[in-house]
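The values are calculated or read from the model by the stated rules, or taken from the named source; none is laboratory data. As the structure is a computational prediction, the values presented were derived from the model and not from experiment. No Cβ is skipped: glycine too gets one built from the backbone with ideal geometry, and neighbour counts run over all protein chains shown.
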């Protein structure tokens, strides 16, 4: 009896299945489930309609540029959606496993429609770990992290997530901006459980470096404490190359006032760690400057290393041209312009004045110390902002680096497989490689083919002389 | 210098006579032919030195050019490449004595005019299916001039394809050359891709490409070529 009306019931304009889902009519949904269960394709129908609805709305969300403007908001929306459907399945569909699976596959489908999803999920986590989780109970923190892990599991490109996560984590650690060390570590453990030791070993390396640096600083202060006296207080984090995201080497001349203590530290460190090389990462540091303005107002400015270099110049001069600043600091042009913009063109943070007062920084600008600066806060933060979504060109660059990183991984998988199998046909290699790498990313079959050809060229593999579909491993 | 058969006569006082043991007619024949062959070898060697560079002791590109002009064959003619193949010459643009001897002996020639006359026969031999694959792969390797070089630039590949396969597979070569020049995925072609194209010409119906199966292990450059052809045709 139900069978003949099944489709009509489901499709009904204002009270059909979809409306029930949207309006969260759990009772109605529960009743529908109960009834349709008695009919041979009843549940399949409900499931299919629900699945295609979820996929469509998910797809819309993932491709809507408005929605994608705020990554944190976007991911929150995803989590809310997941919660909503989970609730429907638990309360109305009796936790039916097939419905759970359909939900999972739908989410997996549309989350990967947008190549920025991994970045956005990392930005969401970054936001939470910076401030979002402040004051939240440990239990609720765990709950949120578990939900994030669920989204993470849907990602096809987990290696892209890893890249962004590393970048964002580095920023958090170095700026000391993490809300909870425990929360950070808890997430790492979850990632490790999900993806294995390799995935998280570098991330853990970053934590280790932070801890080791603390110990190093203690040792340094203990041995040099008396020397410092009035001078600047130095705090150094020594980062092991390889664990941290790669940074380009940038030029920058540190102000004379701190060169002394920097040298002292360098000698101290190299004295206890022979055979190592240290290089100052001037594009990653921060400084707290005590500033006194025109009417004697004192403020503490939290700035980046670059900003410090620029501001210190104004101890000896009231006005400086762009060219002069560039010459003395040796900061690269793009960074210098961004730096000066943040010091002179942002309301509430304009400790410098610019002539002319235009919005952009040009070579002919002149900068003056703004003794009329005021702020109701004693401590003013002018340093570089928290992690933000990448600009298009930055995103392209990261994409390229990810693609480059994937090539050796694919090759290693091919070699492993061929070493074990000795002889294998093309389609099977592609299938095996895909299986081996699926926990990190979904390899493109064309790229796999290219890597095979590269391995043939380098004489790791050869084509079988008889059967053209086969490849042979060359010992 | 003559080698006396030891049994010709028991002439005493011959300071250069060899073992005085009995001999047979075949020995006589062998002697005669080795006499002839040593004469031939001499002529071959002399011919070599007439083209060779004094100081390097090898025939260099200049020498090859004059050889070609003597034979009235252009030095870019495929038959010169075939000659190099016959000689198993290793270095493009150069023949050494060993290679020269090998080639000319196999062709049974010892003068320029005989060499010229032997070219049609040589071409027939090379084009025999059993030999052509070998010649085809040889021609690629012959163009690798640097020590660790494994690939050849697109421009040279196009010329080589035309030279080596142009007469046999005109259509395929023309289209493939056109494709190679406009694509940007590959700046060089390696041996695997080179051989792949030959197999393609032999096995795949052209220009319909109806029996091309992209799931098989064809080199990627050919997958892309086929895609391009199909797009052109639709």
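Here are the numbers for this structure:
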read-out	value
Only listed residue being in a loop (DSSP other than H, G, I, E, B) and over 21 Å from the mean Cα position of the chain (by Cα), chosen from A:450, A:419, A:465	A:465
Set A:441, A:367: member being assigned to a strand (DSSP E or B) and at pLDDT 90 or above	A:367
All strands (runs of 3 or more DSSP E) inside the stretch A:239-324 with 1 or more residues being within 30 Å of residue A:165 (Cα to Cα) and within 34 Å of the chain's Cα centre (by Cα)	A:286-292, A:298-304
Only listed residue being within 16 Å of the chain's Cα centre (by Cα) and assigned by TED's automatic domain parsing to the domain that holds residue A:201, chosen from A:126, A:80, A:96, A:140	A:126
Wholly enclosed helices (runs of 4 or more DSSP H) of the stretch A:19-103 bearing at least 1 residues touching a helix residue (DSSP H, G or I) at 6+ places or on another chain (Cβ under 8 Å) and within 22 Å of residue A:121 (Cα to Cα)	A:42-63, A:71-91
Failed item, numbered, when residue A:114 is tested on (1) closer than 22 Å to residue A:395 by Cα; (2) part of a helix (DSSP H, G or I)	(2)
Any hit, the stretch B:190-205, residues being surrounded by 13 or more Cβ atoms within 10 Å (Cβ to Cβ), within 14 Å of another protein chain (Cβ to nearest Cβ) and farther than 23 Å from residue B:129 by Cβ	yes
Extreme residue, farthest from the other protein chains (Cβ to nearest Cβ), among residues of the stretch B:209-234 that are outside any helix (DSSP H, G or I) and at pLDDT below 90	B:234
The lone exception for residue B:139 - which of (1) in contact with a helix residue (DSSP H, G or I) (Cβ under 7 Å, 6 or more places away or on another chain); (2) more than 14 Å from every other protein chain (Cβ to nearest Cβ); (3) not in a helix (DSSP H, G or I) it fails	(3)
Complete set of residues in the stretch A:443-475 that are under 18 Å from residue A:416 (Cβ atoms) and more than 11 Å from chain B (Cβ to nearest Cβ)	A:443, A:460, A:472, A:473, A:474, A:475
Yes/no for residue B:152 being surrounded by 19 or more Cβ atoms within 10 Å (Cβ to Cβ) and more than 14 Å from chain A (Cβ to nearest Cβ)	no
Residue B:122 assigned to a helix (DSSP H, G or I), within 27 Å of residue B:201 (Cβ to Cβ) and in the same structural domain as residue B:69 (by the TED database)	yes
Filter result for residue B:48 (within 30 Å of residue B:190 (Cα to Cα) and either in the same structural domain as residue B:164 (by the TED database) or more than 16 Å from the chain's Cα centre (by Cα) (or both))	no
Selection status of residue A:125, touching a helix residue (DSSP H, G or I) at 6+ places or on another chain (Cβ under 9 Å) and not in a helix (DSSP H, G or I)	no
Any hit, the stretch A:166-177, residues being closer than 23 Å to residue A:304 by Cα and assigned to a loop (DSSP other than H, G, I, E, B)	yes
Residue check for residue B:144: within 14 Å of chain A (Cβ to nearest Cβ) and out of contact with any helix residue (DSSP H, G or I) (no Cβ under 6 Å at 6 or more places or on another chain)	yes
Subset of the stretch A:421-442 [facing chain B (nearest Cβ under 9 Å) and surrounded by fewer than 14 Cβ atoms within 10 Å (Cβ to Cβ)]	A:427
